[in-house]
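Below: one structure, written as structure tokens.
Since every read-out is calculated from the coordinates, none of them should be taken as a lab result. Everything numeric here is computed off the predicted structure, so don't read it as measured data. No Cβ is skipped: glycine too gets one built from the backbone with ideal geometry, and neighbour counts run over all protein chains shown.
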Amino acid sequence: MQIRVERLRVRYQDFELSVDNLLFSTNRVTALVGPNGAGKSTLLRALAGLIKPIVNSVFIDGLELARLRGWERAGLVSYVPQEHNAALNFSVFDFILMGRSGYLNIFSSPARADYQKVEEVISYLGLEALARRKCQELSSGERRIVLIARALAQDSKIILLDEPTTFLDLKHEMEVINLLRRLAADRAKTIITSVHSIDLIPRLADFLVMIKAGRILATGPTTEIFRAELLESLFDYPLRVVEAEGKQLILR
Amino acid sequence: MLMTGSQRKIENRRILYAAILLPLFLLIVSLCLGTLKVSLREVLEILLARISGEPAELLTTPSANIVLNIRLPRVLLALLAGAAFSVSGASLQSLFRNPLVNEYILGVSFGAGFGAAASLVLLSRNFPPQILAFTCGLLAVALVLVISEGARNTLVAVLLTGIIVSALFQALLSALEFIASPYALQSLFFWLLGSFSQATWSDLLWSVPLILAGLAFLLKMSWRINVLSLSDDEARSLGLAVKRERILVICLATLITSAVVAVAGIIGWVGLIVPHAVRGLVGADNRLVLPVSAGLGASLMVLADDLIRTLFPFEFPVGILTSLVGIPFFLYLIRRSRATWS
């Protein structure tokens, strides 16, 4: 399942995001990269249907995003926010269960099939030990994984993530990265994620979309466009990309 | 994991049964209490005779008259009022992601109180006061939400606007009292303090179906209310029509509250205390919180009314009692949640 952006314009206050002809395809992890305020989150939120663009010509496998009902969109696209501040302290299981909302009408509660889906997600991610704990007891790394689990319970082919590794320690950072790669490879998901730290990009993404001041600067496979000149002009800061033990590293 | 899940399910089911049985038990016991003592056995016989529908000599006795026409409507109204305030409180707290919110804070109580009073004073006594009570209750909560919308500190904004809108409706109420006839004034005064003492079957005719219908819909939506307690962005990305569903919950909560206020007056703070206690008992999941709050709220309200009927030699308004207990509890909650105020 792929997302094709024909024309997208989002405006708020004096910021404008303008994207034309962009394709996010299946089985790969696409990273949105750019300086703060470039429009990464805005693009994600527009694709998730959370904000109303002024021009919104976006197609998911030929379906026009703007014409989908909320629950229809939820079955195709899920959105993983950066943090979750719950007012109520749900159990992890009940929290993941909420991913099933799009399949249920306003007066119904989850049924057996929904519970089975959640159990499947929990065992796929190895979260059995967390399932009965309360969300507010979790570390921020665990909470990030649980947010992704909810998106998996939503069972959409496209998963949008807003800086999923920010504030995580090294181990949890790698856990999230490996999970996203696994989802793209084994589960045929279309993963689109904004990334704060460029050091992670070669390990995380197959494909890059560089955004600067609301415009696309460059797009392409990571192996081709993860280059010093482009990154320098993207961040307005001198840096070098070096190779060590077969991995690309940033020197600044 | 599945084992603990099913064990928890059984435990939850026990709590649910208790929440249904406790108010039923209290209903029967409360029918015995009062100036005229009626034995438990006699009460059961009267109820059975009434339900069977056959004319029995038992039903013509003074005790039967007191049990069926004075105590039964009063106790039923107390049960439904407790359930209504608690369920609407629990739903609104989830919806606003704020344990301090309740119908009293949101201006619904005084809005509905004004509406019902206006109906009694200005329109005919035969016109059901529930209609104006609901309209004005809805108007009050809409005012609070529109005025406080977009404020940076939403919690403080909602609380402050709620106080101001309540004050507005209190002023309108005072104006009504000023123009009301002395006769109307007396009953208005007592009704406003909150009391079940004047409940009659004809009062219940309108309120009971409204409360039961509102409760049924809110209970059907209990899982949905879980999802609505997430941030707007999260709920929307999960596929909810957030704004429409929020408005529906607010309308239902206002409906059941104002249906009670229209016949029993302003009884505050029950909807604050009960859901809080229930969450401590069963956790955050509204599929349990809502029905258990209904049962516990109904029970507490009947107990409060029983206390008043047996301890005081005169009719002490139950609304004063709940405020005297509820306000210190509110202050305690505010102190505990100080972190969210900064």
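Any chance you could count how many residues in the range B:196-209 are surrounded by fewer than 22 Cβ atoms within 10 Å (Cβ to Cβ) and either in contact with an Asp or Glu (Cβ under 8 Å, 6 or more places away or on another chain) or under 22 Å from B:LEU122 (Cβ atoms) (or both)? So the answer is 7. Comparison of B:ILE273, B:ILE247 shows that the only residue that is surrounded by fewer than 24 Cβ atoms within 10 Å (Cβ to Cβ), among the β-branched types (Val, Ile, Thr), part of a helix (DSSP H, G or I) and within 14 Å of chain A (Cβ to nearest Cβ) is B:ILE247. Looking for something touching a helix residue (DSSP H, G or I) at 6+ places or on another chain (Cβ under 8 Å), closer than 30 Å to B:ASN126 by Cα, assigned to a helix (DSSP H, G or I) and more than 14 Å from every other protein chain (Cβ to nearest Cβ) - is there at least one such residue anywhere in the range B:284-292? Scanning the range B:284-292 turns up no residue that is touching a helix residue (DSSP H, G or I) at 6+ places or on another chain (Cβ under 8 Å), closer than 30 Å to B:ASN126 by Cα, assigned to a helix (DSSP H, G or I) and more than 14 Å from every other protein chain (Cβ to nearest Cβ). When B:ARG125, B:ARG97 are checked against the criterion of being of a type in the set (Lys, Arg), within 14 Å of chain A (Cβ to nearest Cβ) and either touching a residue at least 40 places away in the same chain (Cβ under 8 Å) or surrounded by fewer than 24 Cβ atoms within 10 Å (Cβ to Cβ) (or both), B:ARG97 stands alone in meeting it.
Kindly indicate whether B:ARG125 is over 25 Å from B:LEU215 (Cβ atoms) and basic (Lys, Arg). Considered against the rule, which asks whether it is over 25 Å from B:LEU215 (Cβ atoms) and basic (Lys, Arg), B:ARG125 comes out as yes. The sole residue among B:ALA56, B:ALA90, B:ALA133, B:ALA81 that is over 20 Å from B:ILE247 (Cβ atoms) and either surrounded by 20 or more Cβ atoms within 10 Å (Cβ to Cβ) or in contact (Cβ under 8 Å) with a residue 60 or more places away in the chain (or both) is B:ALA81. Would you say A:ASN36 is within 19 Å of the chain's Cα centre (by Cα), surrounded by fewer than 23 Cβ atoms within 10 Å (Cβ to Cβ) and either assigned to a loop (DSSP other than H, G, I, E, B) or more than 11 Å from chain B (Cβ to nearest Cβ) (or both)? Yes; evaluated as a whole, the condition is true for this residue. So which residues in the range B:222-257 are closer than 30 Å to B:ASP305 by Cα and of a type outside the set (Ser, Thr, Tyr)? Correct list: B:VAL249, B:ILE250, B:CYS251, B:LEU252, B:ALA253, B:LEU255, B:ILE256. Conditions first: (1) surrounded by fewer than 13 Cβ atoms within 10 Å (Cβ to Cβ); (2) polar (S, T, N, Q); (3) facing another protein chain (nearest Cβ under 8 Å). A:SER101 passes all but one, so which condition is the exception? Checking A:SER101 against (1) surrounded by fewer than 13 Cβ atoms within 10 Å (Cβ to Cβ); (2) polar (S, T, N, Q); (3) facing another protein chain (nearest Cβ under 8 Å), the one that fails is (1). If the condition is being farther than 30 Å from B:GLY283 by Cβ and in a helix (DSSP H, G or I), then the range A:135-170 contributes only A:LEU170.
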